[in-house]
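The values are calculated or read from the model by the stated rules, or taken from the named source; none is laboratory data. Just so you know, these numbers come straight off a predicted model, no measurement behind them. Cβ sites come from the backbone with ideal geometry, for glycine too, and all protein chains shown count toward neighbours. Surface accessibility is based on the protein's heavy atoms, side chains included, excluding ligands, DNA and RNA. Shrake-Rupley method; radii C 1.70, N 1.55, O 1.52, S 1.80 Å.
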Amino acid sequence: MNLATVHVALGARAYDVRIGPGLLARAGSEIAPLLTRPRVFVVTEDRVAALHLDALRAGLDSAGIGIEVLVLPPGEATKGWPQFTRTVEWLLDRKTERKDVVVAFGGGVIGDLVGFAAAVLRRGVRFVQIPTSLLAQVDSSVGGKTGINSVAGKNLIGAFHQPARVLADIAVLGTLTPRDFRAGYGEVQKYGLLGDAGFFGWLEANGPAMAAGDVDLRLEAVRRSVQMKADIVVRDETEQGDRALLNLGHTFCHALEAATGYSDRLLHGEGVAIGCVLAFELSCRLGLVSQEEPSRVRAHLDAMRMKKDLADIAGDLPDAEALLDLMGQDKKVVDGHLRFILARQIGEAFVTADVPRDLVRDVLHEALAARG
Ligand code: GLY
């Protein structure tokens, strides 16, 4: 079987990310070495359970591992206190022990919520991420950020808690809607833009065939993305510096997500893609890159048939000043200054708090004006 491994070298918290088609069927042999008794606690959501739970159950069963399953409702609304409390109490009811393994089986919502539950349950139990969306495979399942949303904003309650293993089954991506796959791709192209011009060129050449379903290309894109993320997380696990590079496009994205009510109007990865274009526009405005760079980012998103501009978001948007205010809730605010990830060229991003508010407003104003 075509299987890749990315090692996340975090000393006592080191783990492997296994990537390839057919990993659900192999889940038993992948997870068995972590267990002290042949039983795991799987938390998933309705849609993933309907599509893939039987395959996971069979994979675990083939290694003699029994499972208990909690199925939560799908969607971002799950990622709050009520379902979090439900999950923790369910795990305690099942008498989960310190040495047991909890399995997060789903997209980013499930991975973040279950990871946080594992972080606080008995002051920390191990957990395995089995991410089923492209976004979760290339970003949220790796690196140990876990948490839930507050009414004050997304991901404001959480903990760093690294998984014991990640199993990214590439075949599972075949059941995503084209829109969900492309939204996840917003995070994939981000890796090329922030740190690897060669990878961005590879995506320009191979992205459309990958979106059309080529499994080998999907494996390679996930592997390279995860490798880049692992390298950054190993340098800066708790985001004191370099890890913030992974937030390229996210300051704009969070404001747009808030402005669209975290609804279907804009999926997170779509906001990341638009945010990357705006970050390159801002870099251009600051004289760091030429106009060709944001144009090249746009052209690639176009080739991928993805949203790339504010004009691609249906319905009303607030004005530039209101969008700027929405950015103020971002976790990346330090001493009241917004931190931005800007670029010196495609493949070379850096973090700065030194961006005049007026310039950001101008970029947003222009982007809004282009909506006509
Ligand atoms: N998703 C950004 C990070 O893990 O740091």
Problem set entry | Nitroxide proxy distance, nm - points 7 Å out along Cα→Cβ at A58 and E76 | 3.5 nm
For this session: Among DSSP beta bridges lying fully in the chain, give the percent that are antiparallel, nearest 5.
Result: 40 percent
Problem set entry | Debye equation applied to the C-alpha atoms of the chain, log10 I(q)/I(0) at 0.15 Å⁻¹ | -1.33
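If I take every Cα pair under 8 Å that is 6 or more residues apart in the range 152-260, average their sequence separation and divide by the length, what percent do I get for the relative contact order? Could you put the intermediate results ahead of the total?
Numbers: 47 pairs, mean separation 26.2, N = 109.
Normalised by residue count, the contact order of the range 152-260 is 24 percent.
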For this session: Hydropathy first: keep DSSP H helices in the chain averaging at least 1.0 on Kyte-Doolittle, then drop any whose Cα extent along the axis falls short of 15 Å, and list what survives.
Result: 108-120
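From the P(r) of the range 223-369, could you give the percentage of C-alpha pairs in the tail past 27 Å?
Details: 1884 of 10731 pairs.
For the range 223-369, the fraction of Cα-Cα distances above 27 Å is 18 percent.
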Exercise. Taking the alpha-carbon centroid of each part, what is the distance from the range 341-372 to the range 150-202 in angstrom?
Worked result: 23 Å
For this session: Over the range 253-359, calculate the relative contact order: mean separation of alpha carbon pairs under 8 Å at least 6 apart, over the residue count, as a percent.
Result: 29 percent
For this session: Keeping all protein chains in place, calculate the accessible area per residue for the range 233-324 (probe 1.4 angstrom), answer in Å².
Result: 37 Å²
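Once you sort the root eigenvalues of the Cα gyration tensor of the range 1-117 as a ≥ b ≥ c, which label holds: rounded (a/c under 1.5), prolate (a/b larger than b/c) or oblate (the other case)? It would help to have the intermediate numbers written out before the result.
On the way: a/c = 1.38, a/b = 1.33, b/c = 1.03.
Here the range 1-117 falls in the rounded category.
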Exercise. Too long at a 18 Å Cα-Cα cut-off: which of K79/K145; K145/K229; K190/K307; K154/K190?
Worked result: K154/K190
Seminar exercise, completed: If amide H atoms are modeled at 1.01 Å from N in the peptide plane, then the residues at a separation of 5 or more from Y15, or on another chain, having amide H under 5 Å from its own are V8, L10
For this session: Whole number in Å², please: accessible area per residue of the range 1-107, 1.4 Å probe, ligands, DNA and RNA not counted.
Result: 46 Å²
Problem set entry | Expected 222 nm ellipticity per residue - DSSP helices of 4 or more, -39500 (n - 2.57), all of the chain, to 500 | -14000 deg cm²/dmol
Exercise. What are the GluC sites (Glu not before Pro) within the range 71-126 that DSSP puts in a loop, where the Cβ has at most 13 other Cβ atoms within 10 Å?
Worked result: E97
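Please identify the chymotrypsin sites (Phe, Trp or Tyr not before Pro) of the range 171-261 that satisfy two criteria: DSSP loop assignment and at most 16 other Cβ atoms within 10 Å. Which are they?
Qualifying residues, ordered by number: none.
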Exercise. Of all the accessible heavy-atom surface of the chain, with the other protein chains kept in place and a 1.4 Å probe, what percent is carbon and sulfur?
Worked result: 50 percent
